Amino acid sequence: PPRSTLFPYTTLFRSDQAYFWMRGMRMLDGQRVYQDFLQYTPPGTDLLYFSLFRVFGLQMWVTNGVVFVLGLVFVWLIFSIGRRVMREEPAALAAAVFLVPIYGKALNATHHWFGTLAVLAAISVLVGGRSATRIAAAGAILALGSFFSLYHGLAGLLAFSVFLLWGGARERPRGATILHRQVLLFGAYMVALALL
């Protein structure tokens, strides 16, 4: 496999992520997404690689570092959500089971992983409670997920909407409260997606 010139004993993680960081390189060269080159996914992943290359330069360790940091953030989120619903030992086991056989096998940083990470982050926000601020934050995070992978964010939005309806039916709040939660979730999603 190709080797990094900065760290000669570090191999390049190869997979579909190459499409994204290559488009980031094209943007660094002055090309514009959707005008100078075509892609069929939202531009979030390309812009992330472009931003990192702009800050740190065209170095292979940047692409490998994204894979490494993405795995760490996943493990941290899984553990932090897990320990809210179970003891720390099983939560740590859940994080390890994700890291080794699932993420360890893939080792790539494509739009799928970033979209899934956003849904997991939104879950982490709503596990702490269903206040108006948390619901709006979850909607905005799901919009960020759609900025990386449209269908991950939309599927998360639908799932969160059903969750809030189901939770509302169990709590028996007024109809205005149920509607208010839906408006907050979808409104925050739409505003954040428009801004992105």
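The values are calculated or read from the model by the stated rules, or taken from the named source; none is laboratory data. This structure is a prediction, so every number in the text was calculated from the model and none was measured. Virtual Cβ from ideal backbone geometry, glycine too; neighbours counted across all protein chains shown. Side chains included, ligands, DNA and RNA excluded: accessible areas come from the protein's heavy atoms. Shrake-Rupley method; radii C 1.70, N 1.55, O 1.52, S 1.80 Å.
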Go through region 105-119 and count every residue that is more than 16 Å from residue 66 (Cβ to Cβ) and either among the acidic types (Asp, Glu) or modelled with pLDDT under 95 (or both). 1
Being under 29 Å from residue 18 (Cα atoms) and in contact (Cβ under 8 Å) with a residue 12 or more places away in the chain is the requirement here; does residue 95 meet it? yes
Specify which of the listed residues (124, 146, 161, 80) is under 11 Å from the mean Cα position of the chain (by Cα), part of a helix (DSSP H, G or I) and not charged (D, E, K, R). 146
Does region 119-164 hold any residues that are open to solvent by 30 Å² or more (accessible area, probe 1.4 Å), farther than 21 Å from residue 44 by Cα and of a type outside the set (A, V, I, L, M, F, W, C), and which are they? 128, 130, 131, 133, 134
Can you spot a residue in region 35-49 that is over 16 Å from the mean Cα position of the chain (by Cα) and open to solvent by less than 20 Å² (accessible area, probe 1.4 Å)? yes
Consider residue 116 carefully, then state whether it is β-branched (Val, Ile, Thr), closer than 28 Å to residue 42 by Cα and touching an Asp or Glu at 6+ places or on another chain (Cβ under 7 Å). no
